[in-house]
Each structure stands twice: as C-alpha cells, then as structure tokens.
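Just so it is clear, none of the values below were taken in a lab; they were calculated from the coordinates. Because the structure is a prediction, the values reported are computed rather than measured. Positions of Cβ are generated from backbone atoms using ideal geometry, with glycine treated the same way; all protein chains shown enter the neighbour counts.
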C-alpha cells in the first residue's frame with residue numbers, strides 16, 4: 001500500500017500574499033491579551049509586527065485593486 005502525499009497547489013502571487021498576511025496576523029494575534037474585564041484586548045507586542053501586518057494588508061489590497069477595476 002502506497003502512502004499518499006498531499007501536494008500543496010501553487011497559487012502564485014495570491015497564495016504568497018495570503019501566506020504573508022496569515023503569518024503577519026498570527027504574529028500580532030499571539031501578542032493580544034484579554035483585559036481583566038474581559039471586554040477588550042491589549043496588544044503587547046512590537047510596533048514592527050503591526051507595521052508588517054499593515055504592509056501585507058496593503059499589498060493584498062493593491063493586488064485586489066488590480067483585478068477588480
């Protein structure tokens with residue numbers, strides 16, 4: 001019996017953008033802490049992680065703008 005391996009599809013530029021956004025969002029979300037009141041989150045991470053998240057979001061939006069218009 002052969003072992004099947006799952007191939008990851010090549011999604012090109014959109015796949016790269018999605019992966020970058022996922023990694024950036026994970027980097028920020030891992031530094032979110034629930035406040036004592038339980039009604040908000042506080043971010044206790046670096047500004048560079050937030051800047052990376054915003055940059056990757058902007059790249060995705062720029063890409064999207066190119067195929068929507």
Notebook entry, point to check: Summing -39500 (n - 2.57) over the DSSP H runs of n ≥ 4 in the chain and dividing by its residue number, what mean residue ellipticity at 222 nm do you reach, to the nearest 500 deg cm²/dmol?
Noted result: -20000 deg cm²/dmol
Check: Which angle between 0 and 90 degrees, to the nearest 10, do you get for helix 47-68 versus the longest principal axis of the chain when only C-alpha atoms count?
Finding: 50
Note to self: Just to be sure I understand the model, the point goes 7 Å from the Cα along the line to the Cβ. What's the resulting residue 41 to residue 18 distance in nm?
What the structure shows: 2.1
Check: GNM, the chain, Cα, under 10 Å: largest mean-square fluctuation among 37, 27, 45?
Finding: 37
Notebook entry, point to check: Relative to the first principal axis of the alpha-carbon coordinates of the chain, what is the inclination of helix 12-29, with its axis defined by its Cα atoms, in degrees from 0 to 90 and to the nearest 10?
Noted result: 20
